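Enquirer: Here it is: the structure, laid out below.
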Amino acid sequence: MATPPVDALDPESKVAEPAAAGKKPSAAERLHAAHYKLVLTIYRLFAIAVLYLVLVGILAYAWIMGFYAVNTSWAAPVILSAADEKSLDFREKLVTTQQTIEDLKVDTKKLSDGLTEMKEHRAALLALEPQLRDAIAREKTHNSTAGPELAQLDQQKNADNAKTQKVLAQLKVVEADINKDLAAGLITKGDAAQQLSALNQAQDSYTDSKIAEVLLTDSVLDKTTTGTDTLNILEKQAELQSEVAQLDIAIRVAEKQFYEESRQIDRLHEAITTAKQSPYYLNASGGQTLYFAFVPYDNQSQAVIGTAVYDCYLNMILCRHVGIVKAIFPGEEQAIHPIFKTQIRGFLIQMNLDHPDSARSKTVFLGRKPVLF
């Protein structure tokens, strides 16, 4: 590449050339030279200004970086909307929890009513048990007394029947005599019929006595041995005791379930109480506009309820008092550093702002102004 001549770079050389040759420069040449001097001066001044501006920018950037690296009072305003993903998810979980509580209340009401009914039924069965036990004892006592007596009567009845049977054997001879007398004409038919009727009545009485003896034998058997009636009563007693035992098991299970569901309701209420300390609950449940700010853990000492909140121009100077810290939320949040653009951890606070437009600032400061003004 060809090197440009020196006079192309320095306009003064064009003026010096005629003078060196002994010629006086013309007015046009002097004007042209002055023009080039002015342009060169402006160019140099512009370059110096740009250089200083770049230097000032670098120093300002370094100052801002250093300021936010050491400052422990800044917080980043956060705008939460009811349509945010976290707010919607929080509201859904809150509604689900409240519905679960209502379902559990219905179940515990059913369990409570069922427990009351089972306990009343159990009390009624337990009231029957001593009566049944007393009845069985009375029956055993009666049988222990009546059984031997009936056995003696049965023996006596057997003896009486034996005697009656001997008499009936004699009556057969009498009946034969009556028939002979009737055949011989010694008695009339009416007398014979009357006498035979008396004999038949005696036979019937003997038959009735035999039947009574058999029934008496059955009674003796019932009173002296464990019969089916006694077994039925004992079976009913066993069924009553079994039903009481089953009720005891059902009552214990129902009481355990009632206790667990009641504890679950309490735990859900505690969860809702804890959730009410979340900014998403306030944001989802309230109709008014709320203002929040993210505070990194490094700045935690400045986040105190009632602390003044300042909003500054250029993120650090010309600050004004815009509100106070109203509430502090314990849950951890993650955010992007407003200056360094790195991931940081911290928590949220609620602010009462006299100037709502400060909620759109990049940062606010807690406690005091970050610089002297």
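The values are calculated or read from the model by the stated rules, or taken from the named source; none is laboratory data. If you're wondering where the values come from, they're calculated on a predicted model, not measured in any experiment. All Cβ positions, glycine included, derive from the backbone under ideal geometry; neighbour counts span all protein chains shown.
Enquirer: If I ask for residues that are assigned to a loop (DSSP other than H, G, I, E, B) and either in contact (Cβ under 8 Å) with a residue 40 or more places away in the chain or not assigned by TED's automatic domain parsing to the domain that holds T307 (or both), which ones from region 344-373 would you list?
Expert: H355, S361, K362, T363, G367, R368, K369, P370, V371, L372, F373, listed by residue number.
Enquirer: Do the conditions hold for L126, that is, is it in a helix (DSSP H, G or I) and in contact with a Lys or Arg (Cβ under 9 Å, 6 or more places away or on another chain)?
Expert: no
Enquirer: Separate question: Given (1) among the polar types (S, T, N, Q); (2) within 28 Å of H269 (Cβ to Cβ); (3) touching a helix residue (DSSP H, G or I) at 6+ places or on another chain (Cβ under 7 Å), where does S73 come up short, assuming only one miss?
Expert: Status for S73: all satisfied but (2).
Enquirer: Which of the numbered conditions does V106 fail, given that it passes all the others? Conditions: (1) in contact (Cβ under 8 Å) with a residue 12 or more places away in the chain; (2) in the same structural domain as S242 (by TED's automatic domain parsing).
Expert: (1)
Enquirer: Next question, about the same structure. So is A49 at pLDDT 80 or above, over 23 Å from Y313 (Cα atoms) and either in a loop (DSSP other than H, G, I, E, B) or among the aliphatic types (A, V, I, L, M) (or both) or not?
Expert: yes
Enquirer: Sticking with this structure for a sec: Within region 238-280, restricting attention to residues that are among the acidic types (D, E) and modelled with pLDDT under 90, which residue is farthest from T97 (Cα to Cα)?
Expert: Result: E239.
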